[in-house]
Amino acid sequence: MATLAFNHEEIAARELKPELLELHGISRAAVEAHYKLYQGYVAKRNEILGRLAEADLGAANQVYSEFRALKVDLSFAVGGVKNHEIYFEHLGGAGGDPDGAMGELVRRDFGGVEAWRADLKATGMAGRGWAWTAYDWDEGRLFNYVGDAQNTFPVWNATPLVALDVYEHAYFLDYQTDRGSYIDAFFDNLDWGVVNDWIARYQIQV
Ligand SMILES: [Fe+2]
């Protein structure tokens with residue numbers, strides 16, 4: 001018998017902000033293709049929750065079971081939704097150094113903006129899918145965490161404030177294998193006002 005957790009509301013993909021079609025160094029074609037992938041994650045999240053509502057809980061098995069497959073792939077789909085909603089929301093700005101609360105946090109926890117940027121770029125070069133600057137509530141500080149797939153490796157009780165997508169779909173159209181130049185372009189398009197709004201909404205203390 002399914003639980004109330006699977007009595008879900010379907011979610012819809014968020015609209016793509018018009019600014020996203022005019023980024024510096026990341027083409028409209030790349031963004032439009034990327035947005036389609038995000039829409040796919042939303043659709044699969046909805047589909048999987050619907051299937052979970054009808055799955056046989058009694059047949060759950062760690063080696064193979066429909067229930068296991070749905071739960072594992074739900075984490076991939078939900079990760080894809082959340083990661084891309086951060087990514088698209090905080091692009092479309094003028095880049096540069098973070099100001100306001102984010103600027104203070106970066107200087108406090110990394111010693112300077114260049115150190116933060118260098119560490120996040122290296123984290124992005126080392127990741128197979130994502131790099132995040134997250135505020136870790138247990139440690140009370142920012143840290144750049146590495147990600148591989150959409151569902152690896154988020155850290156509990158840490159809130160991502162910057163989400164750098166380094167899947168090849170994010171840059172191959174514009175940069176082929178030159179991921180580093182794409183990461184530089186990513187920094188050039190960050191909207192620090194959006195990030196500072198999140199810091200205020202989450203009540204992260206500076
Ligand atoms: Fe992506």
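Below are the figures for this structure:
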item: Hits in region 96-139 - residues which are under 20 Å from residue 180 (Cα atoms), of a type in the set (Phe, Trp, Tyr) and open to solvent by 20 Å² or more (accessible area, probe 1.4 Å); result: none
item: Qualifying residue in region 160-172 (condition: modelled with pLDDT of 95 or more, more than 16 Å from residue 126 (Cβ to Cβ) and under 13 Å from the mean Cα position of the chain (by Cα)); result: yes
item: Residue check for residue 198: open to solvent by less than 80 Å² (accessible area, probe 1.4 Å) and either more than 16 Å from the ligand (Cβ to nearest atom) or out of contact with any helix residue (DSSP H, G or I) (no Cβ under 6 Å at 6 or more places or on another chain) (or both); result: yes
item: Which numbered condition residue 41 misses (of (1) within 16 Å of the ligand (Cβ to nearest atom); (2) open to solvent by less than 20 Å² (accessible area, probe 1.4 Å); (3) among the hydroxyl-bearing types (Ser, Thr, Tyr)); result: (2)
item: Pair list, Cβ < 6 Å and 6+ apart or interchain, from region 71-95 residues that are open to solvent by less than 60 Å² (accessible area, probe 1.4 Å) and modelled with pLDDT under 95 to residues that are outside any helix (DSSP H, G or I) and within 16 Å of the ligand (Cβ to nearest atom); result: none
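Listed here are the residues, each with its yes/no results for (1) within 16 Å of the ligand (Cβ to nearest atom); (2) assigned to a loop (DSSP other than H, G, I, E, B); (3) within 25 Å of residue 32 (Cβ to Cβ).
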site: 104; (1), (2), (3): no, no, no
site: 116; (1), (2), (3): no, no, no
site: 149; (1), (2), (3): yes, yes, yes
site: 180; (1), (2), (3): no, no, yes
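Every residue, every condition in (1) open to solvent by 60 Å² or more (accessible area, probe 1.4 Å); (2) within 13 Å of the ligand (Cβ to nearest atom); (3) modelled with pLDDT of 95 or more, yes or no:
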site	(1), (2), (3)
9	yes, no, no
22	yes, no, yes
25	no, no, yes
32	yes, yes, yes
35	no, yes, yes
45	no, no, yes
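The values are calculated or read from the model by the stated rules, or taken from the named source; none is laboratory data. Please read all numbers here as calculations on a predicted model, not as lab measurements. Every residue, glycine as well, gets a Cβ built from its backbone with ideal geometry; the counts of neighbours run over all protein chains shown. Areas reflect the complete protein model, heavy atoms only, side chains present, ligands, DNA and RNA absent. Shrake-Rupley method; radii C 1.70, N 1.55, O 1.52, S 1.80 Å.
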